[in-house]
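What follows is a single structure, written as structure tokens, with notes after it.
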Amino acid sequence: MMRRSPSRTTGRAGLVALALCAALPLAGPALAQAPEAAQGAATEPNREATWASIRPDLFPGKTIAEAGAIVQLDAPGRAEDAALVPITIQLALPAGDPRTLKAVTLVVDENPAPMAGRFTLAEGTRDFSLSLRARVNSYSFVRAVAETSDGALLMTKAYVKAAGGCSAPATKDTADSIAHVGEMRFRSFAATGRPEAQVQIRHPNFSGLQIDPETRGYTPAWFVREVEVKQGEKLIFAMEGGISISEDPTFRFSYTPSSDQVSVRAEDTEGKVFTRTFPGGGS
């Protein structure tokens with residue numbers, strides 16, 4: 001199996017993951033094989049202890065309120081595959097609320113790099129839906145924190161039982177993934193009556209915690225750190241991501257087809273930039 005060596009800094013999230021490698025030499029297998037009692041359900045205060053420790057770094061000096069119906073988070077209570085946990089975030093401001101939505105941040109408390117991604121939304125957005133697949137390394141709260149135009153932060157959370165997602169081996173052949181790295185697909189679901197589209201980017205998205213089966217060493221972190229999707233000149237969303245986004249990053253999002261082309265730009269931690277333009281109706 002081929003290995004990839006980084007030619008440049010991997011960014012903050014990647015460095016965190018790499019620094020933890022020595023401390024977690026068998027993170028994937030150990031967690032995956034541990035009995036449920038060992039992973040056991042901690043008390044609610046203990047579950048929140050990690051959030052209390054990471055919150056000041058993620059949102060320094062900010063007050064975070066309960067989101068109520070404005071932010072909805074759909075995540076499985078028990079994941080079938082910890083490396084491919086499906087997550088959907090739905091944002092909607094109530095009628096009469098003068099604010100708009102600026103961004104939403106996805107956090108996985110117990111992951112080595114907790115911020116999975118920050119998604120900036122188009123100016124004037126009042127409702128938005130986003131689905132993706134994430135890695136969950138151990139039993140953890142997953143949180144969606146939305147930011148409104150007045151600077152308010154609104155949060156909702158879901159508890160996910162999963163183990164070993166960040167250290168799980170790739171599900172696809174690494175050599176093939178590298179050969180096709182940066183290839184993209186775009187699909188519109190307008191024909192089915194759903195105002196949504198999907199973008200997929202081929203990339204192994206190595207977390208830095210995965211074992212190379214040939215060398216028994218760690219595969220260096222190498223992942224997509226930035227994504228920008230536009231419809232014509234208008235932004236649909238932009239992502240700043242880390243190691244928690246699953247391989248072959250795939251995003252399903254709110255979309256209304258038009259004659260405007262859809263352009264996708266992605267950049268990974270080696271500085272490689274991938275771009276593609278699609279017809280507005282999808283292809």
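The values are calculated or read from the model by the stated rules, or taken from the named source; none is laboratory data. Please read all numbers here as calculations on a predicted model, not as lab measurements. Cβ atoms come from the backbone with ideal geometry, glycine included; neighbour counts cover every protein chain shown. Surface accessibility is based on the protein's heavy atoms, side chains included, excluding ligands, DNA and RNA. Shrake-Rupley method; radii C 1.70, N 1.55, O 1.52, S 1.80 Å.
The length gained by stretching the chain between Ile54 and Arg265 to full extension, at 0.36 nm per residue less their Cα-Cα distance, is 73.0 nm.
Put simply, the amide H of Ala134, placed in the peptide plane, has neighbours under 5 Å in Val85, Ile87, Ser246, leaving out anything fewer than 5 places away on its chain.
Short-range pairs are left out: with C-alpha atoms under 8 Å and at least six residues apart, the relative contact order of region 189-276 is 33 percent. Each residue of region 143-158 was assigned a 3J(HN,Hα) from its phi angle through the Karplus expression (A = 6.51, B = -1.76, C = 1.60, θ = phi - 60°), giving 10, 10, 10, 8, 10, 9, 5, 8, x, 6, 10, 10, 10, 9, 8, 9 Hz with x at Gly and Pro.
Per-residue SASA remark: Phe141, around 10 Å² accessible (1.4 Å probe; ligands, DNA and RNA not included).
Length gained on full extension, Ala179 to Thr275: 32.9 nm, using 0.36 nm per residue less the C-alpha separation. Database remark: amide H of Arg276 closer than 5 angstrom to the amide H of Val264 (H placed geometrically; neighbours at sequence offset of 5 or more, or on other chains; Pro and chain starts carry no H).
The distance between label points at Ala95 and Asn46 comes to 4.8 nm (points 7 Å beyond Cα on the Cα→Cβ vector). Here Asp127 and Glu214 are evaluated by their C-beta separation; at R0 = 41 Å the FRET efficiency comes out at 0.30.
Candidate cross-link partners of Lys102 among the lysines, defined by an alpha-carbon separation under 20 Å and a same-chain spacing of 8 or more, comprise Lys62, Lys157, Lys230, Lys234. Treating r as the C-beta distance of Ala158 and Lys62 and R0 as 25 Å, the FRET efficiency rounds to 0.75. Specify which residue in the list Met184, Leu235, Trp222 is farthest towards the positive end of the charge dipole of region 167-237, using unit charges on the beta carbon of Lys, Arg (+1) and Asp, Glu (-1), about the Cα centre. The Cα lying farthest towards the positive end belongs to Leu235. Evaluating 6.51 cos²θ - 1.76 cosθ + 1.60 at θ = phi - 60° for every residue in region 105-119, the Karplus couplings come out as 10, 9, 10, 10, 3, 8, 6, x, 10, x, 6, 6, x, 10, 10 Hz, glycine and proline recorded as x.
Remark on Gln210: its backbone amide H falls under 5 Å from those of Thr219, a criterion applied only to residues 5 or more positions apart or on other chains, H modelled at 1.01 Å from N. Here the simple spin-label model places points 7 Å from the Cα toward Cβ, and for Ala191 and Thr256 these points are separated by 2.2 nm. Of the peptides 77-86, 46-55, the ranking by mean beta-carbon count within 10 Å, highest at the top, reads 77-86, 46-55.
With every protein chain in place and a 1.4 angstrom probe, the accessible-area ranking of Met115, Met239, largest first, reads Met115, Met239. When we measure straight from the Cα of Lys172, which lysines land under 26 angstrom away, once same-chain ones fewer than 8 places off are left out? Excluding near neighbours in sequence, the set is Lys161, Lys272. In this structure Glu214 has an accessible area near 120 Å², from a 1.4 Å probe over the protein heavy atoms.
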